1. Cβ-Cβ under 8 Å, sequence separation 6+ or interchain: first residue in the stretch 437-460 and within 21 Å of A403 (Cβ to Cβ) and in a loop (DSSP other than H, G, I, E, B), partner of a type in the set (A, V, I, L, M, F, W, C) and at pLDDT 95 or above. Which pairs?
2. Are there strands (runs of 3 or more DSSP E) fully within the stretch 287-369 with at least 3 residues that are over 26 Å from L225 (Cα atoms)? List them.
3. Kindly indicate which of V93, V78 is under 30 Å from S265 (Cα atoms) and under 21 Å from the mean Cα position of the chain (by Cα).
4. Test V32 against the criterion of being in contact with a His (Cβ under 8 Å, 6 or more places away or on another chain) and crowded, with 24+ Cβ neighbours inside 10 Å, and give yes or no.
5. So which pairs qualify, if the first residue must be in the stretch 25-40 and within 10 Å of G13 (Cα to Cα), the second must be of a type in the set (V, I, T) and assigned to a helix (DSSP H, G or I), the Cβ gap must be under 8 Å, and the two must be at least 6 apart or on different chains?
6. F127 - would you say it is in contact with a helix residue (DSSP H, G or I) (Cβ under 9 Å, 6 or more places away or on another chain), touching a residue at least 40 places away in the same chain (Cβ under 8 Å), surrounded by 17 or more Cβ atoms within 10 Å (Cβ to Cβ) and not in a helix (DSSP H, G or I)?
7. Of the residues R97, R66, R74, only one is basic (K, R), touching a helix residue (DSSP H, G or I) at 6+ places or on another chain (Cβ under 9 Å), surrounded by 15 or more Cβ atoms within 10 Å (Cβ to Cβ) and outside the structural domain of G191 (by TED's automatic domain parsing); which?
Amino acid sequence: MSEHENFDVLIIGAGQAGIPLAHALAKVGKRVGLAEREHLGGSCVNFGCTPTKAVISSARMVHQARRAAEFGLRIPTVEVDFQAVLERAKRIVTESRNGIKEGLENSDNLKLLCGHAKFESREANRFVVRINDHAVTAIQVVIDTGTRSLIPPIEGLADIDFIHSENWLEKTELPKHLAIIGGGYIGLEMGQFYRRMGSRVTVIEESGQIATREDEDVAQALQELLESDGVEFQLNSQVKQVSSLNADLMLMIERKDGPQQLEASHVFVATGRKPNTDQLGLETIGVEVSDDGIVEVNERLATNVKGIWAAGDVRGGPMFTHTSWDDYRVLMSQLIGDGSHTTDRVVPYAIFTDPELGRVGITERDARKSGKKIKVGRYEMKKNGKAREQGDTEGFVKVVVDADTKRILGAAVLAVEGGELVHMYVDLMNAGAPYTVIKDAVHIHPTMAEALQSALLEMD
């Protein structure tokens, strides 16, 4: 084993859990190796949060410019430079990557290992991991390899140059007609973006509802908002085949009312994510994974093999950047702390359409199924003074409360900055405080946040 470079902790994957964990462990004197086969920053920085929110901001800007007349302004023409929109996003990505690299290079006790990591064996109390053409050893190993686009087995799909989460930023041609397969969060966000850039967009969803995790009234309202932008939807529809048709593509779609054809210029596949665990050699050391490739962990992010941990999307559960970052705190607690921090946590999330959907806790549907006695408050944003004054009246706030404990069980905030506003409920849930804390508080007028209080005042 003497020829191997030795680490206290090896982290495989420089994502949103791995990077802060590497810094924190190195700071307390641990010898840390951080292996990354491609780009620093994980999916968030490279093709997810960072670039998508950058282009969504461009889309909102052009949308607001087109509404100028509503505000008494004259903007004669509004033009989209699609390549410039993408270049702005790429610049932000590059700046983020460079900042991460600089921070890693200037950290003591930390070594960046460039290449694909694969488990080879276990020798005594150390794991042997090969990174490209050389091997290293570590007492503890953290798997933070993330996920990639799950590509469905659609006939002909592999024969076309389709768009997906990892490559969209490199596709500089604005689609004339974009068919998006999948009506989940990625499909909805990107669908609105491309539509506001000028593409015709059709979202094809196999189930009868977009955003299937949400309550029906929330999903329906979100669909209507996107339809007002011009996004088209085909629900209860499954793409069975894709083929070339001259310079375009032909999609064969199976529907309840019979087969249908849809001609499009481009296809975006947004049908879910697949864990990057199939080339790690986990079987050589006996790490258990689920049938779909997720590393199985307990609430402390430990696998069935002592010394092997998993963090981020690869460990299943909520797949968000903020949960990945919190995983670093869980692991820091387990590796050198008191072991008190676990994944028993309140996890909010957002769909970054315009308006946004901020969500936390359980839905009204699931609350009713639980058998709890509940109260539901709902408040339309069109009744909020600030929303009317700034022309952002779409959407509503819905909050679900346990009638006995007066604690918030869940909430949906479909509004401009809904992803920001929902945190008022998030913090109350983390505190375990009753909803009356917000209900009886004094809030600034006029603000959008007043709507969250108003929803509680209208509790049934």
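The values are calculated or read from the model by the stated rules, or taken from the named source; none is laboratory data. No experiment lies behind these values; they were computed from the predicted model shown. FYI the Cβ positions are ideal-geometry reconstructions off the backbone, even for glycines, and counts take in every protein chain you see.
1. M459/V376; M459/V399; M459/V401; D460/V376
2. Working: elements: 308-310, 349-351, 356-361.
Here the list reads 308-310.
3. On the way: V78 fails: under 21 Å from the mean Cα position of the chain (by Cα).
Going through V93, V78 in turn, just one is under 30 Å from S265 (Cα atoms) and under 21 Å from the mean Cα position of the chain (by Cα): V93.
4. Criteria not met by V32.
5. Cβ pairs passing all conditions: L34/I19; H39/V45; L40/I19; L40/I100.
6. no
7. Just one listed residue meets the conditions, R97.
Conditions (1) touching a residue at least 40 places away in the same chain (Cβ under 8 Å); (2) buried (at least 24 other Cβ atoms within 10 Å of the Cβ); (3) of a type in the set (S, T, N, Q); (4) not assigned by TED's automatic domain parsing to the domain that holds D257, marked per residue:
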| residue | (1), (2), (3), (4) |
| --- | --- |
| S165 | yes, no, yes, no |
| T172 | yes, no, yes, no |
| A179 | yes, yes, no, no |
| G184 | yes, no, no, no |
| E189 | yes, no, no, no |
| R213 | yes, no, no, no |
| L225 | yes, no, no, no |
